[in-house]
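Below is one structure, written out as structure tokens, with a few remarks after it.
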Amino acid sequence: MKLTISSPEQMESLGLGVAKSLRAGDVVLLEGELGAGKTTLTRGIGEGLLAKGTIQSPTFVLARTHRTQSGPKLVHVDAYRLGSAVELDDLDIDFENSIVVIEWPRDFLDSVITEYLKIKIDRTRQDDVREVELIFSGDRWQGVEIATGN
């Protein structure tokens, strides 16, 4: 699925739509250069999950856990500084009972995470327009519809 997003508000709205499809055990991988809108998208996911606390880039702490009002916790990970799957494992994330959003996923995650929703954000244009691609991997995502709001 490919989308054109032309504002931060639309990116956040996409996050709201993604949140409607998420359940415990789901992993969302966010790819895109600095400033592409990964954290804005995650803010929308958090809003859709009714997450508590401010959704911001977890750059310096690597992972932030947000309780939600009635569902699984939202774990927001910045994998930029992780060098291996072992370092991800050291974060002791409860993948099974949480919804995990990982910014800057690395190739080494392929051996750890096989079912995921990957969202690639491309900001090659000079304006706020982003080209977004949603890639579904694994049986969990077969037939899942994402409300895009566009």
Quiz item: What is the magnitude of the charge dipole of the chain about its Cα centre, with +1 placed on the Cβ of each Lys and Arg, -1 on the Cβ of each Asp and Glu, and no other charges, expressed in debye to the nearest 20?
Solution: 420
Exercise. Within region 77-107, find all residues whose amide N lies under 17 Å from a label point positioned 7 Å from the Cα of T65 along Cα-to-beta-carbon.
Key: 77-78, 88-102
Self-check item: Rough spin-label spacing in nm, given labels placed 7 Å along Cα→Cβ, for K2 and F95
Solution: 3.0
Exercise. Pull out the extension gain between A147 and F108, defined as 0.36 nm times the separation in residues minus the alpha carbon to alpha carbon distance; nm, one decimal.
Key: 11.1 nm
Self-check item: Mean separation of Cα contacts under 8 Å (6+ apart) over length of region 1-81, as relative contact order %
Solution: 27
Exercise. Could you bin all the Cα-Cα distances of region 12-86 into 5 Å bins starting at 0 and give me the percent of pairs in each, rounded to whole numbers?
Key: 3, 16, 28, 28, 16, 8, 2
Quiz item: Of L41, L62, V28, whose Cα points farthest to the positive end of the dipole of region 16-111 (charges on the beta-carbon: +1 Lys, Arg; -1 Asp, Glu; origin at the Cα centre)?
Solution: L41
Exercise. Let me have the 222 nm mean residue ellipticity of the chain computed from DSSP H runs of 4+ only, each contributing -39500 (n - 2.57), with the sum over all residues rounded to the nearest 500.
Key: -5500 deg cm²/dmol
Self-check item: Note, ³J(HN,Hα) from phi for region 74-84, Karplus 6.51, -1.76, 1.60, rounded to Hz, x at Gly and Pro
Solution: 9, 10, 10, 10, 10, 8, 3, 8, 7, x, 6
Quiz item: Using the Karplus equation 6.51 cos²θ - 1.76 cosθ + 1.60 (θ = phi - 60°), what ³J(HN,Hα) coupling, rounded to whole Hz, does each residue of region 18-26 give in order, writing x for Gly and Pro?
Solution: 4, 4, 5, 9, 8, 8, 3, x, 7
Quiz item: Of the residues V86, V129, V28, which exhibits the maximal mean-square fluctuation in a Gaussian network model of the chain defined by a 10 Å Cα contact cut-off?
Solution: V86
Exercise. Pairs of Cα atoms under 8 Å, at least six residues apart: use those to get the relative contact order of the chain, whole percent.
Key: 34
Quiz prompt | Integer Hz, Karplus 6.51/-1.76/1.60 couplings in order for region 95-106, x for Gly and Pro | solution = 4, 5, 10, 10, 9, 10, 10, 10, 8, 6, x, 10
Quiz item: For region 79-150, which trypsin sites (Lys or Arg not before Pro) are in a loop by DSSP, counting at most 12 other Cβ atoms within 10 Å?
Solution: R81, R125
Practice problem: Please build a GNM for the chain, connecting alpha carbons under 10 Å apart, and tell me which residue among D92, D26, D122 fluctuates the most. | Solution: D92
Exercise. Mind jotting down the distance between the C-alpha centroids of region 103-134 and region 17-67, whole Å?
Key: 13
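If r is the Cβ-Cβ distance from E47 to S137 and R0 is 25 Å, what FRET efficiency results, to the nearest 0.05?
0.50
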Quiz item: Counting only heavy atoms of protein chains, what accessible area per residue, in Å², does region 1-96 have with a probe of 1.4 Å?
Solution: 51
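The values are calculated or read from the model by the stated rules, or taken from the named source; none is laboratory data. Bear in mind that the values here come from a model prediction, so they are computed numbers and not experimental data. In this analysis, Cβ positions are derived from the backbone assuming ideal geometry, glycine residues included, and neighbour counts consider all displayed protein chains. SASA here: full protein model, heavy atoms, side chains in, ligands and nucleic acids out. Shrake-Rupley method; radii C 1.70, N 1.55, O 1.52, S 1.80 Å.
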